[in-house]
Amino acid sequence: MGDLEVNRLGFGTMRLAGSSAFGQSTLRGRDQAIAVVQEAVALGVNHFDTAAFYFSPTRSSNELLGAALRPWADGVVIASKVGPGRDTWGDWTGWARPDQLRGQVEENLRQLGRDYLDVVNLRVLRRDAPVTDHIGALAELSEAGLVRHVGVSNVSLAQLNEARLVTDIVCVQNRYGLTDREYDDLLRVCGEHGIAFTPYFAIAGAGRESGRASIEPDALVAVADSRAVTTAQVRLAWCMHQGDHVLAIPGTGNPVHLRENVAAGSLRLTSEELSLLDATA
């Protein structure tokens with residue numbers, strides 16, 4: 001991502017605090033959450049996706065991440081998001097104005113215990129919204145040293161093109177996966193311009209915040225069974241087969257699932273398996 005080198009298999013912290021930010025997920029013990037993050041680093045993960053608005057009544061993903069990783073080691077890349085506002089009661093307050101983005105970046109830094117963010121993604125709420133002023137505000141924060149690189153999230157191709165007219169964009173974070181292919185064109189364009197593409201809901205697919213569907217496509221199950229791996233691992237591997245610029249940020253508070261996710265990074269699918277899966281998609 002820009003001049004940052006990361007393992008293509010990263011870690012998303014959205015569920016770490018027991019909240020998807022859009023709905024509750026399993027709340028695990030604080031010690032276990034911290035241990036999972038530390039084990040991720042031990043397994044080679046060095047790219048963590050987070051946000052100040054990832055919190056539940058008793059947990060904050062940023063705080064857990066900081067507690068697990070401070071003092072911050074060289075090579076650990078923290079990518080956060082700004083744009084959506086959420087008050088201390090957990091209610092959403094709308095999309096921040098450009099002049100409010102500095103406060104959101106500073107809140108991330110306070111929670112994490114850092115002096116700067118490696119990457120900050122503008123999380124767009126509407127794909128027809130103009131982004132020039134917001135991206136310009138983040139570019140100014142980069143010049144001020146609070147942010148190293150700027151990315152975008154949940155955007156259309158038109159919004160990406162608009163953002164690139166303002167400053168260098170190092171990554172795009174959109175929902176994408178085997179059974180959710182709306183942004184195929186965006187993924188392709190990112191590859192053509194050397195922009196990292198970081199899909200979210202790569203495992204959940206159409207289930208999104210609620211998680212994976214209880215019934216998976218037959219072809220996906222067949223490939224997983226033939227490899228003696230899980231369907232989640234095949235979904236992750238399939239995503240990373242879509243281009244060298246595609247990263248992955250699966251998140252979990254379960255150490256077993258963490259190890260499975262990391263192992264998926266080395267799963268190489270054959271051309272026959274990819275064709276079978278693509279036909280299903």
Top-ranked residue of the stretch 178-197 - restricted to ones that are buried (at least 19 other Cβ atoms within 10 Å of the Cβ), outside any helix (DSSP H, G or I) and touching a strand residue (DSSP E or B) at 6+ places or on another chain (Cβ under 9 Å), ranked as modelled with the lowest pLDDT: Tyr183
In the stretch 134-177, what count of residues is obtained for those that are part of a loop (DSSP other than H, G, I, E, B), surrounded by fewer than 19 Cβ atoms within 10 Å (Cβ to Cβ), in contact with a strand residue (DSSP E or B) (Cβ under 9 Å, 6 or more places away or on another chain) and of a type outside the set (A, V, I, L, M, F, W, C)? 2
Test each condition in (1) of a type in the set (A, V, I, L, M); (2) within 22 Å of Arg59 (Cα to Cα); (3) in contact with a helix residue (DSSP H, G or I) (Cβ under 7 Å, 6 or more places away or on another chain) for Ala96 and report the one that comes out false. (2)
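Could you please give the count of residues in the stretch 173-187 that are touching a residue at least 40 places away in the same chain (Cβ under 8 Å) and not small (Gly, Ala, Ser)? I'd like the intermediate steps shown before the answer.
First, the residues of the stretch 173-187 that are touching a residue at least 40 places away in the same chain (Cβ under 8 Å): 173, 176-179, 181, 187.
After this cut, where a residue has to be not small (Gly, Ala, Ser) as well, the list is 173, 176, 178-179, 181, 187.
So the count comes out to 6.
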Considering only residues that are more than 20 Å from the chain's Cα centre (by Cα) and more than 15 Å from Ala79 (Cα to Cα), which ones fall in the stretch 106-130? Asp128, Ala129, Pro130
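Is it true that some residue in the stretch 40-49 is closer than 30 Å to Asp133 by Cα, touching a helix residue (DSSP H, G or I) at 6+ places or on another chain (Cβ under 7 Å), modelled with pLDDT of 95 or more and crowded, with 17+ Cβ neighbours inside 10 Å?
Within the stretch 40-49, the subset closer than 30 Å to Asp133 by Cα is 47-49.
If we keep only those that are touching a helix residue (DSSP H, G or I) at 6+ places or on another chain (Cβ under 7 Å) too, we end up with 48.
Remaining after also requiring modelled with pLDDT of 95 or more: 48.
Filter once more, keeping what is crowded, with 17+ Cβ neighbours inside 10 Å: 48.
Yes, because at least one residue in the stretch 40-49 is closer than 30 Å to Asp133 by Cα, touching a helix residue (DSSP H, G or I) at 6+ places or on another chain (Cβ under 7 Å), modelled with pLDDT of 95 or more and crowded, with 17+ Cβ neighbours inside 10 Å.
I'd like the residue in the stretch 77-97 that is of a type outside the set (D, E, K, R) and surrounded by fewer than 16 Cβ atoms within 10 Å (Cβ to Cβ) and, out of all such residues, is farthest from His149 (Cα to Cα).
Selected residue: Trp89.
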So which residues in the stretch 249-259 are in a helix (DSSP H, G or I) and under 12 Å from Ala40 (Cβ atoms), if there are any at all? Pro255, His257, Leu258, Arg259
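Looking only at the stretch 263-271, decide whether some residue is surrounded by 15 or more Cβ atoms within 10 Å (Cβ to Cβ) and in a helix (DSSP H, G or I). Walk me through how you get there before you give the answer.
Initially, the stretch 263-271 is screened for residues surrounded by 15 or more Cβ atoms within 10 Å (Cβ to Cβ), giving 263-265, 267, 269.
Then drop every residue that is not in a helix (DSSP H, G or I), which leaves 263-264.
Yes, that holds for at least one residue.
Can you tell me which residue within the stretch 122-133, out of those that are in contact with a Leu (Cβ under 9 Å, 6 or more places away or on another chain) and surrounded by 15 or more Cβ atoms within 10 Å (Cβ to Cβ), is farthest from Ala163 (Cα to Cα)?
Only one residue fits best here, namely Leu122.
Does Leu4 fit the bill of being hydrophobic (A, V, I, L, M, F, W, C), out of contact with any helix residue (DSSP H, G or I) (no Cβ under 6 Å at 6 or more places or on another chain), closer than 25 Å to Asn154 by Cβ and surrounded by fewer than 23 Cβ atoms within 10 Å (Cβ to Cβ)?
Working: hydrophobic (A, V, I, L, M, F, W, C): yes; out of contact with any helix residue (DSSP H, G or I) (no Cβ under 6 Å at 6 or more places or on another chain): yes; closer than 25 Å to Asn154 by Cβ: yes; surrounded by fewer than 23 Cβ atoms within 10 Å (Cβ to Cβ): yes.
Considered against the rule, which asks whether it is hydrophobic (A, V, I, L, M, F, W, C), out of contact with any helix residue (DSSP H, G or I) (no Cβ under 6 Å at 6 or more places or on another chain), closer than 25 Å to Asn154 by Cβ and surrounded by fewer than 23 Cβ atoms within 10 Å (Cβ to Cβ), Leu4 comes out as yes.
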Among the residues of the stretch 1-27, count how many are under 13 Å from the mean Cα position of the chain (by Cα) and at pLDDT below 65. 1
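The values are calculated or read from the model by the stated rules, or taken from the named source; none is laboratory data. Here the structure is a predicted model, which is why all the values come from computation and not from measurement. When we count neighbours, we look across all protein chains shown, and the Cβ atoms used for this are built from the backbone with ideal geometry, even at glycine.
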